[in-house]
Amino acid sequence: MPTSLRGCAVTTVDDLDPAPWPGAVLDVPRLRHVGLRPVPLRQFTLKVHTRCNLSCSYCYIYHGSDSSWRDHPPRVASRVMRRTAQRIAEHVVTHGLDEVRVDLHGGEPLLSGPALLLEYVAAIRAAVPASCPTPATVQTNGTLLTESVLAELGEAGIRIGLSLDGGTHALNRRRVDHVGRASWPAAERAARLLARHPDSYAGLLCTVDIGQDPVEVYRSLVALGPPALDLLLPHANWSAPPPGLPVRAPEAARTGTRGVTPYGDWLAAVFDRWWEDGRGAERPPRIRLFAEIIALLVGGASATEAVGLSPAGAVVIETDGCIEQLDSLKQAYQGAVVTGLDVFHNSFDEALDHPGMAARQLGEAALSAVCRTCPVMRVCGGGNYAHRYREGSGFRHPSVYCRDLERLIRHVANHLGEAAKEFGRPAKRVNHSP
């Protein structure tokens, strides 16, 4: 395990003990010795500002098990941006990459204003070879987005993704500031502004809340005119299960209480409406989870860690230059994202040899016995890696959403089967494609 801990939030590798798999068990040197090479990183999540002007009740960063955000500087410094740019360029050249993606995150990245975002992206684009495009996106809660900020980011080719819980005030009641004031009026203005500038609009991100009507949430979001929707299952695990799911043992994931799939049911209801909309004249916004499942069912590969077996290619760089795993792991335990590496002393190739990073590139070999015998395994892929955690054993379990994912996948497969029967007949057109 890498042990360079200079400048990062922990001081001993013992902090990683809550997850013996992969931390203490996965033998990465042996994997490399037998010829299993790492897959290069293609997505770099860059923390620009580690604080947020909202205090959403379900936020896994500020209200979760990990409080390491307090240990990082509020804003990224120029020296960190320059060094990160050099490391990304080094990785691009080493592996001959033809494109890398840059995602600017927080906290709330717009707390720093547009200048810091522009500086960061400019540094990377100046360092990376011209033969490697670097599309950039900033993910924001929208409360600080103005016409002038949008214009500056748009001129630099930085697209904007907006996080919402739905397209109405009532659906966003959990998204409040630190004194309880609603964020919806400002967020709605941002959504309307982005709809008028489609070239700058990356899409909407929404975390599933099974307490809300699924079709109402879908319809309200579509009404905001996004080019794409990203529906995320709430980050949870076997030791901290999501609301509405009965607590079961991981080994009983597929044999537990039958018929209890609230998240699968919710997503299936959205899928039905989305699918039906695709039969009309207007193409509905792309929903990434559904598009990924469809692609996998017809023999394609996944491009997200939510489903499928494709190796993960994403990494986080904190405001002080620490190289970390994805933020979704923060809901597991304190220090779960820590690698002990930073851009000043370590390359991204070294990060790929961290057990946690290596585990997310193993595909079927990283899955539990329950997953490997599941008929939808190659589509589900074990679900999101973070959702497999169980205290004391780690991440080699099915997703805590195992039955919900199977419910959704089979539901989508049934629709594809029905659609296949319509080919060759003058039936309604289906506007969906992987």
## Note on the structure
Surrounding charge for residue 125, neighbours by C-beta under 13 angstrom, Lys/Arg +1, Asp/Glu -1, total 0
### Summary
Taking a ≥ b ≥ c as the square roots of the Cα gyration tensor eigenvalues, with a/c under 1.5 meaning rounded and otherwise prolate when a/b beats b/c or oblate if not, the stretch 307-434 comes out prolate
### Task
Rounded to the nearest Å, what's the spacing between the alpha carbon centres of the stretch 101-144 and the stretch 206-242? Just the number, please.
25 Å
### Task
Pick out which of 386, 306, 122 has the largest mean-square fluctuation in a Gaussian network model of the chain, springs linking Cα atoms closer than 10 Å.
122
### Whole-Å distance, taken between Cα centres, linking the stretch 394-415 and the stretch 275-299
18 Å
### Positive-pole candidate from 344, 226, 57, dipole of the chain, charges at beta carbon
226
### Summary
With 0.36 nm assigned to each residue of separation and the Cα-Cα distance removed, residue 33 to residue 93 gains 19.2 nm
### Message
Which of rounded, prolate or oblate describes the chain when judged by the alpha-carbon gyration tensor and an a/c cut-off of 1.5?
### Response
rounded
### Task
With +1 on each Lys and Arg Cβ and -1 on each Asp and Glu Cβ, and nothing else charged, work out how big the dipole of the stretch 279-411 is about its Cα centre, in Debye to the nearest 20.
960 debye
### Summary
Semi-axes a, b, c in Å (a largest) for the stretch 207-276, each sqrt of 5 times a Cα gyration tensor eigenvalue, come to 27, 13, 10
### Summary
By the DSSP-based rule, helices of the chain that are at least 18 Å long along the axis (C-alpha) and have a mean Kyte score of at least -1.0 are 78-95, 114-127, 262-277, 402-422
### Where the stretch 265-336 is the region considered: accessible area per residue in Å², 1.4 Å probe
30 Å²
### Task
Provide the FRET efficiency to the nearest 0.05 for the residue 216-residue 413 pair, computing r from the beta carbons and using R0 = 22 Å.
0.25
### Task
Work out the FRET efficiency for residue 122 and residue 252 from their Cβ-Cβ distance, taking R0 = 45 Å, and round it to the nearest 0.05.
0.30
#### Entry: Cα shape, the stretch 250-321, gyration tensor, a/c 1.5 rule
oblate
#### Entry: Computed lengthening from residue 55 to residue 24, 0.36 nm per intervening residue step minus Cα-Cα distance
7.7 nm
### Query
Hey, what number do you get for the chain at 222 nm if only DSSP H runs of n ≥ 4 count, each worth -39500 (n - 2.57), divided across all residues, to the nearest 500?
-9000 deg cm²/dmol
### Summary
Length gained if residue 78 through residue 173 is fully extended, taking 0.36 nm per residue and subtracting the Cα-Cα distance, is 30.5 nm
### Query
What number comes out for the charge environment of residue 331, summing +1 per Lys or Arg and -1 per Asp or Glu over other residues with Cβ under 15 Å away?
-2
### Query
When the solvent-accessible surface of protein heavy atoms is calculated with a 1.4 angstrom probe, in what order do 131, 65 fall, highest first?
131, 65
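The values are calculated or read from the model by the stated rules, or taken from the named source; none is laboratory data. Owing to the predicted nature of the structure, the values given are computational and were not obtained by experimental measurement. Here the Cβ is made from the backbone with ideal geometry for all residues, glycine too, and neighbour counts use every protein chain on show. Please note that ligands, DNA and RNA were not included when accessible areas were found on the heavy atoms of the full protein model with its side chains. Shrake-Rupley method; radii C 1.70, N 1.55, O 1.52, S 1.80 Å.
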